[in-house]
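Peer 1: Mind having a look at this structure? Questions to follow.
The values are calculated or read from the model by the stated rules, or taken from the named source; none is laboratory data. Source: prediction; values computed, not measured. Quick reminder, even Gly has a Cβ in these numbers, built from the backbone with ideal geometry, and neighbours come from all protein chains shown.
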Amino acid sequence: MAESLDDWFKREVLPHEGGLRRYLSRVWPRGDEIADLCQETFARVYEAARVARPQSVRSFTFTTAHHLILDRIRRERVVSIEATGDVDALNVLVDEISPERRVSARQELKKLVRVFDRLPPRCRQIFWMRRVLDISQRDVAKRLGIHEKAVEKQVAKGGRLLVDWMNDEAPGGRGAIPLDESGEDEEHEQG
């Protein structure tokens, strides 16, 4: 029987409460709001886990708290001197994104999608599992029934091709990068 969401939450998320409170105390200047921020973070993590449980619970929880703080700063629009106490710890820019930067970012994202779709299917699958879903190399190899070395090679190959193709689509790029017929490495991948 699958573990209930509540049981999972108690076992995986709640043990991070102390560290989360310390983090929030360090980056948010109004101590009277720490408990609320912590609760809202937990609520967001819980809601997200209804859809899919995160691979790295601690990282997901702290990233959620980070985004919550950014949301609060954006809502306030005018950041007081008090709220900038440890903005460097947030590692963010408080300025709004200009329309030009927003359009540029969308164009870059569309370009990345185009070049990502050009990857050979197996390479794309492995790259997605490792770099986007953040699944360990060992777990990817187990799930796909291949050697860890094959996973490592496909991720490296995918990264090289993405960088090359992103540069190719830039003005003055070098053109398409040829692949072998299958788009796969010649080495055996079976585990």
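Peer 1: Of everything in region 112-123, what is modelled with pLDDT of 90 or more and assigned to a helix (DSSP H, G or I)? Give them in sequence order.
Peer 2: Pro121, Arg122, Cys123
Peer 1: Within the set of pairs 6+ apart or on separate chains, which have a first residue in region 109-126 that is buried (at least 17 other Cβ atoms within 10 Å of the Cβ), a second that is small (Gly, Ala, Ser) and part of a helix (DSSP H, G or I), and C-beta atoms under 6 Å apart?
Peer 2: Note: pairs meeting the criteria are Leu119/Gly158; Cys123/Gly158.
Peer 1: Residues in region 139-153 that are outside any helix (DSSP H, G or I) and among the β-branched types (Val, Ile, Thr): how many?
Peer 2: Of the residues in region 139-153, the ones outside any helix (DSSP H, G or I) are 145-147.
Next cut, among the β-branched types (Val, Ile, Thr) only: 146.
Number satisfying all stated conditions: 1.
Peer 1: Among the candidates Phe60, Phe9, Phe42, which residue alone is farther than 25 Å from Arg74 by Cβ and in a helix (DSSP H, G or I)?
Peer 2: Working: Phe60 fails: farther than 25 Å from Arg74 by Cβ; Phe42 fails: farther than 25 Å from Arg74 by Cβ.
Answer to the check: Phe9.
Peer 1: Being under 20 Å from the mean Cα position of the chain (by Cα), outside the structural domain of Phe60 (by TED's automatic domain parsing), under 27 Å from Pro54 (Cα atoms) and modelled with pLDDT under 90 narrows it down to one of Arg138, Arg130, so name that one. If you could, list the steps in order and put the result at the bottom.
Peer 2: Values: Arg138 fails: modelled with pLDDT under 90.
One residue alone meets the criteria, Arg130.
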